[in-house]
Amino acid sequence: MPRIAVVPGDGIGVDVTREAVKVMSAIRDKGGVDLNWDEFDYGADKYLETGITLPDEEIANFRDNYDAIYIGAVGDPRVPDMTHARDILLGCRFKLDLYVNYRPCHLLDESLCPLKDRTPEDVNFVVFRENTEGLYVGTGGIFKKGTPEEVAIQTSINTRKGVERIIRHGFEYAKANNMGKVCMSDKSNAMRFEGDLWQRTFFEVAEEYPEIEASHWFIDALLMQMVKRPEQFDVIVSCNMFGDIITDMGAQLCGGMGVAASGNIHPGKTSLFEPVHGSAPKYAGKDIANPLAAILTVGVMLETIGYPEWTPRLEDIVREMVKSGKVPRDMGGPLGTAGVGDVVCEMI
C-alpha cells in the first residue's frame, strides 16, 4: 500500500492540495490504487508559531516510512526571507538527494497554447533539470556589503557524478518510452569550465545509446527553438539554473503554471511532488485557485511510484474538461477550485 506524506503548505497550496487529496480519494475508491496518506502542517503558520521549518528527523521519517511526499505550495510574505520555504523544499531536495526534476510538457489542447497553429502533437516533450548542484547550492558570499566596493560571488558547483546521472536518466527515459531524441542545453560558449564538463559527459553517455539522436543547443538558442519549432524535442536535459528557465517556458507552451505538474525524484527512493505555481496568499480561501496542476501532479507521483497509467488518465480527463469548457475561471470556465476537483472525481 503506497503511503504519501502530504504537506499542504501556504496560501493556495492548502486550497489546491485539498482538491488533490480529493482526487487521491477517488483514485483509491474507484481507480484501484490502495493509497494511504498522512497530512503534516509544515508551513508559514507553524514556523511563525514555533520557529520550526522542517526538522531533519521529519525528513528521515518521510524517507523511511513513505513512498512519496506531496507538497502544495510554500511561501508567505509574513516570512520575507522565505526561510521556511527554503528549508522545506530545498531541504528535501538536497537531504533526500532528489537529483531529477521531472517536468512533462504535454499540450492537452491547442486552445491552451500561446503559439499559433500548434497541436498537442507539436508540444509533447519532457524536461529533466539537474536538481542538486549548479548555482542553487548557495556557495558564495558578499564582501564589504552596503559599501561602494561591495562584491557578491555566486559559485556554480558541477560534479561529474551529478552531471552524468541526470544525463543518463534522460537517455534511459527516452529509451524506455520509445523517444528518439535527447537534447542537452548549456551556455558553454560563455561558461567554459562547467560547459566543458557537461558537453564531454553528454556526448560520452550518448555513445551508449546509438539508437537515440543526441543534440546540443546553447540555452538562448534552445528557448528560441522551443518557440519556433517545439515539435523537434522529445527529451531536454539541462543544469539547475537553465533547467529552471526551460521548464517555465515549457509550462507556458502548455497553458501556463495552472496546468504544470512536476516531480523531484531520486529513482527508486522517496521523492517529492509539487505543482510548480506559487502560494499566492492573496487568493487563498476564495475558491478561485486553479487546482489542475496539483491534480496532474498526483498523476506524476503515481507514475513514479509504480502506477504509470495515471499520468495519461488524468491528462485525458483534463483534456476532456478543456474541450467541454468545464475548467476554472482563470482558463475561461465557470468553476471554482472545489468545482474542478468535483468534476475530476466524477470523471474518475
Let's test the formula: R0 of 51 Å, r as the Cβ-Cβ distance of N177 and I142. What FRET efficiency results, to the nearest 0.05?
0.70
With label points set 7 Å from each Cα along the Cα-to-Cβ direction at K46 and A152, the distance between them in nm comes to 3.1
Under the 7 Å Cα-to-Cβ spin-label approximation, I288 and A190 lie apart by a distance in nanometres of 3.8
What does the extension gain come out to for Q232 and E309, with contour length at 0.36 nm per residue minus their alpha carbon separation?
25.2 nm
Just how large is the dipole of region 194-348 about the Cα centre, in debye to the nearest 20, putting +1 at every Lys and Arg Cβ and -1 at every Asp and Glu Cβ?
780
What is the magnitude of the charge dipole of region 55-118 about its Cα centre, with +1 placed on the Cβ of each Lys and Arg, -1 on the Cβ of each Asp and Glu, and no other charges, expressed in debye to the nearest 20?
280
Of P281, P2, G341, which is farthest along the charge dipole of the chain in the positive direction, counting Lys and Arg as +1 and Asp and Glu as -1 at C-beta?
P281
Could you let me know the centre-to-centre spacing of region 17-41 and region 137-163, using Cα atoms, in angstrom?
42
For the residues D342, D45, what sequence is obtained by ranking on other C-beta atoms within 10 Å, fewest first?
D45, D342
Rounded to the nearest 500, what is the chain's calculated 222 nm mean residue ellipticity when only DSSP H runs of at least 4 contribute -39500 (n - 2.57) each, over all residues?
-13000 deg cm²/dmol
Whether region 210-348 is rounded, prolate or oblate, judged on the alpha carbon gyration tensor where a/c under 1.5 counts as rounded
prolate
Sorted by Cβ density within 10 Å, fewest first, the residues F143, F171:
F143, F171
Note the full-extension length gain between K116 and D38 as 0.36 nm times their separation in residues minus their Cα-Cα distance, in nm to one decimal.
23.7 nm
D for region 100-257, whole µm²/s, Stokes-Einstein with Kirkwood Rh over alpha-carbon pairs at 4 °C and 1.567 mPa s: what number?
79
Roughly how far apart, in whole Å, are the Cα centres of region 69-95 and region 221-264?
23
Trypsin sites (Lys or Arg not before Pro) within region 283-348, DSSP loop, no more than 13 other Cβ atoms inside 10 Å:
K286
If we count every other residue with Cβ under 11 angstrom of L108's Cβ, Lys/Arg +1 and Asp/Glu -1, where does the sum land?
-3
Size of charge dipole - the chain - debye, nearest 20, with Cβ of Lys, Arg +1 and Asp, Glu -1, no other charges
420
Longest DSSP-loop-exposure-free segment, GluC sites (Glu not before Pro), the chain, at most 16 other Cβ within 10 Å
1-120
Can you return the lysines within cross-link range of K144? Criterion is Cα-Cα under 18 Å, with same-chain partners fewer than 8 residues away left out.
none
For the chain, compute Rg over Rh where Rg is the Cα radius of gyration and Rh is the Kirkwood radius from the inverse mean 1/r over Cα pairs.
0.96
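All of the numbers you see were taken from the coordinates with simple rules; none came from a lab. A quick note: this is a predicted structure, and the numbers were derived from the prediction, not measured. Glycine gets a Cβ as well: all are built from the backbone with ideal geometry, and neighbour counts include every protein chain shown.
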